[in-house]
Amino acid sequence: MSAPGARADGGALRTAQVVIVGAGPAGLSAALSAASLGAQVVLIDRESRPGGQLIKQTHMFFGSRAQYAGTRGIDIARILYDQVLGAAGVEFLLDATVLGRYSDSVVTVEQADRCLKLKPERLIIATGASEKVLPFPNNDLPGIYGAGAVQTLMNVHGVRPGRRVLMVGAGNIGLIVSYQLLQAGVDVVGIVEAAPTIGGYLVHAAKIRRSGVPILTSHTIKEAYGKAALEGAVVWRLDERWQPIPGTERDISADVVCVAVGLSPLAELLFQAGCEMRYVAELGGHVPVRDDDLQTTVPGIYVAGDCSGIEEASSAMVEGTLAGASAAASLALGGRQTAAVQERARRELYELRCGPAGQKTRDGLCRLAG
Amino acid sequence: MRITDHPILTFGHGRKVRFTFDGRELEGMEGEVIAAALHAAGVRVLSHSHSLHRPRGFYCAIGNCSSCLMLVDGEPNVRVCVEKLSAGMRVETQSGKGRLRMQADRETGKPS
């Protein structure tokens, strides 16, 4: 299918060397790497402020110093943005939503009620992730919010989500957002986690426990209740086969249930563009098949960050660097330096994933390749 | 509900502006998203499901999930979690799937 109405209201078709969709950690890093190797880049984001989900992450990052360990996410967003602004050859297209990519390589974009058409030589898709939901009765009541939404509301907009929050999920996001809620002056009444152990880093869990917030492992939410909005929830215990145990119900009064049960890749554009997709649970959902250069099965389309599989922002940045350099390599830009950037990024990805925390990603990538 | 004192963040809120929600006059900060202004004013029910009319609030806050579609200055299906507030805005609860202005004008024979 070719782009509809190629001569309609949007005016002329613009050519571009590299177009990147998404200016989060992956997209910003891809722009920086491609531009520093000599590519002309157009970086598109639907928000007016680049940084993706980094702009609400007030905690300091873990990992290696090369990926800003010890620096807060909000500061990493600014550092990356400043670096991209300082690099020659990157044009930002903000408040702009990519609508589709067509077989004639045309990318359609909506920006302030006008439709733009770009025809890039290479396309890097770095659209990130969306939050998973959890099925339980009344899970649609106002007051039941995704963990990312709670972070956006309080850390970007400066508004408390409520007064008493019940957190669902004790992975890193659940633990970190619980701590951030306490910092914002919100009461966290407890964290329930269906698994028998805490999934997130113990340093985060210890901080939460020291603050007096109970973490109930092997517990899940049975139902939520409330008239127009959430008033509370009933939780109950799970046995070793993850089955709820009747008689263990506990009623918890709360005006917010924060659902932190993980993310799935925001893969619509990859599907629409015709990239071969596979379902890999370890990577969070449907992810694109790609080669060592992060090129998908559609020649000229590369992928980086959470939309290629859920991981940390640190690996998203390195994947962005790799995808940007790979796009530059395929355009014969940057000379010998390009291969060196690719090689270093591959090594950094290997190092980021080689610890016990990287096991899931390693398993997922194995399944995707197999 | 606004955070005034935070150990890490400072919020550069814009100037105060007035807007209406279902005819009620409310105050928000210029340039913040509409959902944040409503939330700060204690409004949590933003929409209703189409067939069972169950109350809906926002869920993802980044424009992905369609749980917060409202009528803004007559325009239906506006994602208020990403649409920015401006002075005098008319924000209303939408009933049903909404009709585009263009469509409504055509039906009433108003020239577009």
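The values are calculated or read from the model by the stated rules, or taken from the named source; none is laboratory data. All values reported here derive from a predicted model rather than from experimental measurement. Cβ atoms come from the backbone with ideal geometry, glycine included; neighbour counts cover every protein chain shown. With ligands, DNA and RNA removed, areas are computed over all heavy atoms of the protein, side chains included. Shrake-Rupley method; radii C 1.70, N 1.55, O 1.52, S 1.80 Å.
Some points to look at:
- Per-pair calculated FRET efficiency, R0 = 22 Å: B:H50 and A:V234 via Cβ, rounded to 0.05: 0.20
- Between 0 and 90°, nearest 10: helix A:336-353 axis offset from chain A longest Cα axis: 10
- For the stretch A:180-329, the relative contact order works out to 13 percent when only alpha carbon pairs closer than 8 Å and six or more residues apart are counted.
- Length-normalised contact order for the stretch A:20-98 - Cα pairs under 8 Å, 6+ apart - percent: 40
- Charge dipole of chain B (Cα centre as origin; +1 on each Lys and Arg Cβ, -1 on each Asp and Glu Cβ, all else neutral): 240 debye, rounded to the nearest 20.
- Of the residues A:R65, A:R101, the one with the largest accessible area comes first in the ranking A:R65, A:R101, computed with a 1.4 Å probe on protein heavy atoms.
- Residue-normalised convex hull volume from the C-alpha trace of chain B: 123 Å³ per residue.
- Of the residues A:R336, B:R101, ranked by 1.4 Å probe accessible area with the largest first, the sequence reads A:R336, B:R101.
- Proximal lysine pairs, the protein assembly as shown, alpha carbons under 19 Å, eight or more residues apart or interchain: 5
- C-alpha long axis of helix A:313-330 to longest principal axis of chain A, angle in °: 20
- Gain in span if fully extended, A:L13 to A:R367, counting 0.36 nm per residue against the direct Cα distance: 123.5 nm
- All other residues whose Cβ lies under 13 angstrom from that of B:R44 are scored, Lys and Arg at +1 and Asp and Glu at -1, for a net of +1.
- Net charge over other residues, Cβ less than 13 angstrom from the Cβ of A:Y81 (K, R count +1; D, E count -1): -2
- The stretch A:105-210 - Kirkwood radius from inverse mean 1/r over Cα pairs (Å): 16.5
- With all protein chains modelled, accessible area of A:S211 [1.4 Å, Å²]: 60
- Contact order normalised by residue count of chain A, Cα under 8 Å, 6+ apart, percent: 19
- Here A:E343 sits with roughly 100 square angstrom of accessible surface, probe radius 1.4 Å.
- Taking Cα atoms only, the orientation of helix A:25-36 departs from the longest principal axis of chain A by about 20 degrees.
- Accessible area in the full protein assembly, largest first, 1.4 Å probe, for A:I20, A:I173: A:I173, A:I20
- Heavy-atom accessible surface that B and A bury in contact, both chains counted, 1.4 Å, Å² to 100: 3000
- Straightening the chain between A:F62 and A:Q243 buys 61.7 nm, computed as 0.36 nm per residue apart minus the Cα-Cα spacing.
- Cα→Cβ-extended label distance, 7 Å offset, between A:T217 and A:E268, nm: 3.8
- With helices as the sole contributors, the protein assembly as shown gives -7500 deg cm²/dmol at 222 nm; each DSSP H run of n ≥ 4 counts as -39500 (n - 2.57), and the sum is divided by every residue.
- Net charge of Cβ neighbours under 10 Å - reference A:A224; Lys, Arg +1; Asp, Glu -1: -2
- Mean partner shielding of peptide A:134-145, defined as the number of other chain Cβ atoms within 10 Å of each residue Cβ, is 4.
- Between A:E351 and B:A87, the simple label model (points 7 Å from Cα in the Cβ direction) yields a spacing of 5.4 nm.
- Among the protein heavy atoms, those of A:W236 account for about 40 Å² of accessible surface (1.4 Å probe, every chain in place).
- Globularity index of the protein assembly as shown is 0.99 (Cα radius of gyration / 2.2 N^0.38 Å, N = number of residues).
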